[in-house]
1. Once you have the Cα-Cα distance between residue 237 and residue 282, take 0.36 nm times their residue separation minus that, and quote the gain in nm to one decimal.
2. Count the net charge of all other residues whose Cβ sits under 11 Å from the Cβ of residue 263, scoring Lys and Arg as +1 and Asp and Glu as -1.
3. Placing unit charges on C-beta atoms (Lys and Arg positive, Asp and Glu negative, everything else neutral), compute the dipole magnitude of the chain about its Cα centre in debye, rounded to 20.
4. Suppose every K and R has +1 on its Cβ and every D and E has -1 on its Cβ; what is the size of the dipole of the stretch 2-99 about the Cα centre, in Debye to the nearest 20?
5. Counting Lys +1, Arg +1, Asp -1, Glu -1, what net charge surrounds residue 93 among other residues with beta carbon under 14 Å of its beta carbon?
6. Under a cut-off of 19 Å between alpha-carbon atoms, report the aspartates and glutamates in cross-link reach of residue 2, not counting same-chain residues fewer than 8 places apart.
7. Name the residue from 292, 345, 188 whose Cα lies farthest towards the positive end of the charge dipole of the chain, charges +1 on Cβ of Lys and Arg and -1 on Cβ of Asp and Glu.
8. Normalized C-alpha radius of gyration of the stretch 125-177, against 2.2 N^0.38 Å?
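Just so it is clear, none of the values below were taken in a lab; they were calculated from the coordinates. None of the values given here were measured: they were computed from a predicted structure. We place every Cβ from the backbone using ideal geometry, glycine too, and count neighbours over all the protein chains shown.
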Amino acid sequence: MKFLDEYRDPTASAALLETLRREATKPWTIMEICGGQTHSFLQHGLDAMLPAPIELVHGPGCPVCVTPLEQIDRAVAIASRPEVIFTSFGDMLRVPGSERDLFGVRARGGDVRVVYSPLDALAIAEAHPKKEVVFFAIGFETTAPANAMAVLQAHERGVKNFSMLVSQVRVPPAIAAILSSPSNRVQAFLAAGHVCTVMGYREYEPLAEEFRAPIVVTGFEPVDLLRGLLAAVRQLAQGRHEVENAYPRLVSRGGNRPAQEAIARAFTECDRAWRGIGVIPRSGWRLRDELAAFNAEQRFDVGRIAPKESALCIAGDVLRGIRKPPECPAFGKQCTPQTPLGAPMVSAEGACAAYYRYRLTPSLLLSRDNPEEEVGG
């Protein structure tokens, strides 16, 4: 299959790994931003085949994982109202709030529905004019265009019973926050190719220059990932710090202009809280003032939200690349996909879910089945 098989070619991957082994002569710590890239590294076993000097750390690029607990509690409160049909992507239903998740709301009689597009939520609103239909608008630059189109279409059609609970975030401010942290140890980044398909990579150029860190735009197949790593290692070895596009079949410097225009018509930049990380300045989007009528936070007064995080969960450290999922004492024991303590264990792009699915050791499997037993070591 053209544009797929050649990027999963074992011969090409082996050649890239051999080149990496020759050229990676110093220790380098490289972060892949996107959870989809994390899953691909682990699914294909690439992380285990990398030469020892390269350490991969996993970034905050999972939209479900970084949605703040306060916003999930607000979603639960809104979804519990009898007049509301609450709509969301499927991953969000199992993310634990302080007291319960959205599945728990549905189990108690709430009308919580999974949709595959915000336009599906808008269609539900038009089909049920006596109900209030709310869409949970989460995600990075990848989901923002579709979310923007849904609210713009609702405005143009005069749909009065549709609103959005917005928790939209942006990648470049998160990279700046990671590189500014006193605990940072990341030396180079693999930027998520699908984000750059929408936004291009111009926003990354001042970051690479200011923090003297290479940023390589990278795809998701094994050959894509290894090419991105090789480009990052070469820049580090040569003392360069540039933005490099290793995903040219889809990404251009300017990105998708119509998508960017739709985002700009619906949203404006704002400070945004990231779960486990805190508030990052100008890292989010909120609805423009002229679209405030579609803002679910303003439409529904749910009172004061007082979120309570699990004392065991280290998701914040995992999302900042400080620790890895198996270092969490609850990993595979108290925290599993069936009984998650934090969002990274629930999401299809979560780092904890990737380690649970692809790297769970026999000792952890035993521990999962017998929770009272200690994990080996």
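1. 12.9 nm
2. Values: positive: 170, 257, 265, 288; negative: 141, 261, 269.
The answer is +1.
3. 240
4. Working: 8 positive and 13 negative charges, 17 e Å.
Value, rounded to 20: 80 debye.
5. On the way: positive: 94, 100, 106, 108, 113; negative: 91, 101, 111.
For residues surrounding residue 93, the net value is +2.
6. Hits, sequence-local ones excluded: 221, 224.
7. 292
8. Numbers: Rg = 13.6 Å, N = 53, 2.2 N^0.38 = 9.9 Å.
Relative to the rule-of-thumb radius for its length, the stretch 125-177 sits at 1.36.
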